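Trainee: Okay, handing you the structure first.
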Amino acid sequence: MRFALIIGLVVLGITGCTASSHMKQYVAKDIREIIIDSGQPENAFDLGDGRRVFQFRWGGGSYVVPQTTSYTGNINTIGNNTWLSGKAITTGGGIVTSEGCLLSYIAKWNENRNGWIVDEIRVPKQLVC
């Protein structure tokens, strides 16, 4: 199961890096472009200084870690009879599940464009999201 955890952490860590790259394309764009691409935000709230935060779910899901079985033992033959004595060793296997993470787009209202324009992005600080 330790192997499954390591694989899951690697996969989810790569996902976090991808999220940051994905977010950068929306800086200086209308928040509605993100809504077109990702659906409605899970949260939206004002910061009190004229900015508003829009949070979207990124990633998540289940990842299947493959299972490997190896056999060790001896083959014994006496006369016309042959038999195998040994054991099977199974490693890996399992399912790693992640809820994903909330990506935050911080936007300012722009009168000329009549919309919320992304000014800043925030990715969760934890390694796995």
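Values in this text are rule-based calculations from the coordinates and carry no lab data. Values in this document were obtained by computation on a predicted structure and should not be read as measured data. As a convention, Cβ positions derive from the backbone with ideal geometry for all residues, glycine included, and neighbour counts pool all protein chains shown.
Trainee: Using a Cα-Cα cut-off of under 18 Å, which lysines could be cross-linked to LYS29, ignoring same-chain neighbours fewer than 8 residues away?
Mentor: Hits, sequence-local ones excluded: LYS108.
Trainee: Estimate the FRET efficiency between ARG113 and SER20 by the formula 1/(1 + (r/R0)^6), using the beta-carbon distance for r and 30 Å for R0, to the nearest 0.05.
Mentor: 0.75
Trainee: Return the aspartates and glutamates within reach of LYS24: Cα separation strictly under 15 angstrom, same-chain partners fewer than 8 residues apart disregarded; answer none if there are no such residues.
Mentor: In chain and number order, the partners are GLU33, ASP37, ASP119, GLU120.
Trainee: Would you mind checking the radius of gyration and Dmax of the stretch 2-122 based on alpha-carbon positions, in Å?
Mentor: Expressed in Å, the Cα Rg and Dmax of the stretch 2-122 come to 25.6, 94.
Trainee: Can you compute the modelled spin-label distance between GLN40 and ALA88, with each label point 7 Å from Cα toward Cβ, in nm?
Mentor: 4.9 nm
Trainee: If you don't mind, another one. For LYS29 and ILE95, what is the calculated FRET efficiency with R₀ set at 35 Å and r taken between the beta-carbons, to the nearest 0.05?
Mentor: 0.45
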